[in-house]
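Read the structure below first, then the notes.
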Amino acid sequence: MKAFRILSQFLFFGLFVYIFIRSLDPFSTLLNPFLRFDPLIYLTHLTPLHSIILPVIGLILLTFLLGRFFCGWVCPLGSLIDGIDALLIPLRRFKPLRKAEEWLKVRLTFTPPAWFLLGAVLVTVFFTPPVLQFFHPNVWIIRIFSLSASGIGFLCFLFVSAALTRRLWCKYLCPLGALYGLISKLSILRLSITKCSKCGRCDTCPMHAAEFRTRRIHTHQCILCFDYEHRCPVGGFSFALPTLPEKSQRPTDESRRKFLKSGALVMYGIVFGSFFSLIDRTRKTRLLRPPGVMNEPRFVERCLRCFQCVESCPNRIIKITGMDAGLDSLFTPHLEYRENGCDFNCQVCQQVCPNFAIPMQSLEEKQKSKIGLAAIDENLCVVFSQDTNCLVCEEFCPVPYKAIKVIEKEKEVNGEHTILRYPVVDAELCIGCGMCEAFCPVVSRAIIVYR
């Protein structure tokens, strides 16, 4: 089974890499199924499309059947972490690091912080605070592959954590894994210990799911990796329907207490998420958002900060927002027109957005969606300030009836009567595509799009 699991990881990781590479080509982008069909991400939009609902339900039903298989067999970040863990095996053999791993195992296996984060996520997905966006595994792996500063920082964290213990992120911090772990407590098929020689080999479980002393498998942690089962000298592992436990194996008061603690941790997360959502941290910004975004608070609430639109934009005008716009807007996409404008016939950002934070529109609707409004600075525009005809802005305006109108006036320039053509923005027609700003010949730009 271990060989099949590794093969599955290679296939799904390869699929992720293929989709990511395709996303770099705006003319051949693909939907990212690791984001589009994710149960937690689905809560951010609840779009009633069968093409999305059925795969989400399928993942949940498979978890009810098999347990927390997604983390061990499918998750691309989990596969990357396994690779990093394999590289750092020699480092983890140092005694101080082994003590640190044992400390984490004793204190966090039954009550991982991921349960608290899951509770917070289940509330905040419906409000503005970006909790899921900073803890979703498949958002982080896209940031890593995008070579963003945050992604590189997270990759360094994975290397440091791999020096302490295997799959630290998966065991203790991942809210998606916590959700699957919660569901797997009710799974139909389960891994169990039927015979034991007390050899202790199952102590190598990367998720600390196996306890040979009590002959228990903690289903909320078990990712069905089958890393050590084949090395059991008495073949004591079984993956089947659970049988009625012997009297000595039935839940004790201690195990019940641990179960209640884990449930309480989820509730604490829900309470924290509720209070966090009530705090008004909104900061008005003048950021230009991708086409179709009409409701700024709703966009900030939904946006995963996955950088899919940033990587796929053919004109490279979608940029990542920093802390200057506040925590809630951190890592959200905004438009900058210094190098180019928003192509009139392009919808790539809408097509690749995994949860419709950038709404999907028809091309006709997109071409009428207002991103902002262009404004001319008469102190910089050469027609107004230097009595020199230009009209580059009018030429590059893609709107069919031209949102840059021309008003002709006769004026005496250097002793001669000259017809000057003054540009004027038609607020009704202007969609704020930024073509005028991008190609304005004035270095500091005489026409700028504002929100």
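The values are calculated or read from the model by the stated rules, or taken from the named source; none is laboratory data. It should be emphasised that the depicted structure is a prediction, and the values quoted were computed from it without experimental measurement. Virtual Cβ from ideal backbone geometry, glycine too; neighbours counted across all protein chains shown.
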Of the residues in segment 152-176, those that are modelled with pLDDT under 95 and in contact with a Lys or Arg (Cβ under 7 Å, 6 or more places away or on another chain) number 1
List pairs: first in segment 337-359 and touching a residue at least 12 places away in the same chain (Cβ under 8 Å), second part of a loop (DSSP other than H, G, I, E, B) and basic (Lys, Arg), Cβ under 6 Å, 6+ apart or cross-chain?
-> none
Kindly indicate whether Cys342 is in contact with a helix residue (DSSP H, G or I) (Cβ under 6 Å, 6 or more places away or on another chain) and crowded, with 19+ Cβ neighbours inside 10 Å.
-> no
Would you point out the residue of segment 345-376, among those that are more than 22 Å from the chain's Cα centre (by Cα) and among the hydrophobic types (A, V, I, L, M, F, W, C), that is surrounded by the fewest Cβ atoms within 10 Å (Cβ to Cβ)?
-> Leu363
So, of the residues in segment 188-222 that are outside any strand (DSSP E or B) and of a type in the set (A, V, I, L, M), which turns out to be surrounded by the most Cβ atoms within 10 Å (Cβ to Cβ)?
-> Met207
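Of all the residues that make up segment 134-183, how many are in a loop (DSSP other than H, G, I, E, B) and more than 19 Å from the chain's Cα centre (by Cα)? Before the answer, list the steps.
We begin by selecting, within segment 134-183, every residue in a loop (DSSP other than H, G, I, E, B); these are 135-136, 146-148, 165-167, 173-174.
Going one step further and asking which of them are more than 19 Å from the chain's Cα centre (by Cα), we end up with 165-167.
Looking only at that region, the number is 3.
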Would you check if there is a residue in segment 325-336 being within 20 Å of Cys430 (Cα to Cα), of a type in the set (Ser, Thr, Tyr) and out of contact with any Lys or Arg (no Cβ under 6 Å at 6 or more places or on another chain)?
-> no
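Condition check: modelled with pLDDT of 90 or more and outside the structural domain of Leu330 (by TED's automatic domain parsing). Does Phe110 satisfy that? Let's see the steps before the verdict.
Values: modelled with pLDDT of 90 or more: no; outside the structural domain of Leu330 (by TED's automatic domain parsing): yes.
For Phe110, the condition - modelled with pLDDT of 90 or more and outside the structural domain of Leu330 (by TED's automatic domain parsing) - is not met.
Kindly evaluate Leu40 against the criterion of being within 22 Å of Trp140 (Cα to Cα), out of contact with any Pro (no Cβ under 6 Å at 6 or more places or on another chain) and part of a helix (DSSP H, G or I). Step through it out loud before you land on a result.
Numbers: within 22 Å of Trp140 (Cα to Cα): yes; out of contact with any Pro (no Cβ under 6 Å at 6 or more places or on another chain): yes; part of a helix (DSSP H, G or I): yes.
Criteria met by Leu40.
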Filter pass, Val131 being among the β-branched types (Val, Ile, Thr) and closer than 19 Å to Leu43 by Cβ = yes
Give the residue that is modelled with the lowest pLDDT, with candidates limited to residues of segment 254-290 that are among the basic types (Lys, Arg) and exposed (fewer than 14 other Cβ atoms within 10 Å of the Cβ).
-> Arg281
When you go through (1) of a type outside the set (A, V, I, L, M); (2) at pLDDT below 95; (3) closer than 30 Å to Ser148 by Cα one by one for Gln386, which number turns out not to apply?
-> (3)
Residues that are more than 21 Å from Lys368 (Cβ to Cβ) and outside any helix (DSSP H, G or I), drawn from segment 288-321 | Cys303, Leu304, Arg305, Cys306, Phe307, Arg316, Lys319, Ile320, Thr321
Selection within segment 293-309 - within 15 Å of Ile141 (Cα to Cα) and of a type in the set (A, V, I, L, M) = Leu304
Do any residues in segment 181-210 that are closer than 14 Å to Ile223 by Cα have Cβ atoms under 7 Å from those of residues that are modelled with pLDDT of 85 or more and among the basic types (Lys, Arg), where the two are at least six apart or on different chains, and which pairs are they?
-> Gly181/Arg68; Ser184/Arg68; Pro206/Arg166; Pro206/Arg167; Met207/Arg167; Met207/Lys171; His208/Lys171
